[in-house]
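Trainee: Dropping the structure in here first, questions after.
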Amino acid sequence: MKSQLQNAWDSYWFSSIKCSQLNPVRAGICAVIALWFLSFLPNAAAWFGSEGILSPELVGQILGFEETSRLLKVSPLWLSESLLLHQVWIVVGALLSVLAAIGFGGRLTMLALMVFVISWIHRTVWLTGPIEPALVPLLAYFVIQPGTQLGKVSACKDWTAGLTRRLIQPHAWILLAATLFSQLAGVVWWRGDAAWWLAASGRSWLRNL
């Protein structure tokens, strides 16, 4: 029994698969990251300029008020109030996302993209939402095995590809389950208030007032 459980465990986590099987998932995640970066560009001046809402000086005061150590929010972007630096960071982050989606540069590109993403998350602080905690671990999994370049035939087959796939699958399902249960925990979904507001605001294709 113990041997069977161990074999099943090893088979689940460490079975070898073709590295190219990771390509569609990697391309999809990197496309989301590219759009995420570019979404900050239109309002970059309002948020990150020297007179912006999230200027380094103002954020430093808020973090101090909340007794949050700046060491927990490490980012090169704290070193300058230059709007151009922030705009360049956004564009480079989006370009890195495209290169990672294609598969160019392998692990080095994925690692560089992860550093850019983490640094940007630490800089944006209060603009983060539910997507950021999901992006970082998913990128970390692809550092283990990024897959192959799109359009190139490769015979790569390795246990690291299987491990990366298995790390992504439970993580994605746990996030979906957490999202579902957090919705079910809200009383408004059981009383019908949420459905009424969706209909009243015109955001539901299935029902209207």
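Trainee: Considering only residues that are assigned to a helix (DSSP H, G or I), closer than 14 Å to Ile33 by Cα and open to solvent by 20 Å² or more (accessible area, probe 1.4 Å), which ones fall in the range 117-142?
Mentor: Matches in the range 117-142: Ile118, Ile121, Pro133, Val136, Pro137, Leu138, Ala140.
Trainee: Here is a follow-up. Go through the residues of the range 101-120 one by one and say whether even a single one is without any contact (Cβ under 8 Å) to a residue 40 or more places away in the chain, on the phi < 0 side of the Ramachandran plot and hydroxyl-bearing (Ser, Thr, Tyr).
Mentor: Checked the range 101-120: at least one residue is without any contact (Cβ under 8 Å) to a residue 40 or more places away in the chain, on the phi < 0 side of the Ramachandran plot and hydroxyl-bearing (Ser, Thr, Tyr).
Trainee: Related question: Restricting the range 127-145 to residues that are within 10 Å of the chain's Cα centre (by Cα) and of a type in the set (Val, Ile, Thr), which is farthest from Tyr12 (Cα to Cα)?
Mentor: Ile131
Trainee: Can you name the residue in the range 146-200 that is open to solvent by 70 Å² or more (accessible area, probe 1.4 Å) and part of a loop (DSSP other than H, G, I, E, B) and, of all such residues, is farthest from Phe14 (Cα to Cα)?
Mentor: Ala185
Trainee: Next up: Looking at the range 1-55 only, could you name the residues that are under 30 Å from Gly147 (Cβ atoms), open to solvent by 90 Å² or more (accessible area, probe 1.4 Å) and under 21 Å from the mean Cα position of the chain (by Cα)?
Mentor: Scanning the range 1-55 gives Gln21, Pro24, Leu35.
Trainee: Could you pull out the residue among Thr124, Thr68, Thr109 that is polar (S, T, N, Q) and at pLDDT 95 or above?
Mentor: Exactly one residue qualifies, and that residue is Thr109.
The values are calculated or read from the model by the stated rules, or taken from the named source; none is laboratory data. Computed from a predicted model, the values in this text were never measured in an experiment. Every residue, glycine among them, receives a Cβ derived from its backbone with ideal geometry; neighbour counts consider all protein chains shown. Side chains included, ligands, DNA and RNA excluded: accessible areas come from the protein's heavy atoms. Shrake-Rupley method; radii C 1.70, N 1.55, O 1.52, S 1.80 Å.
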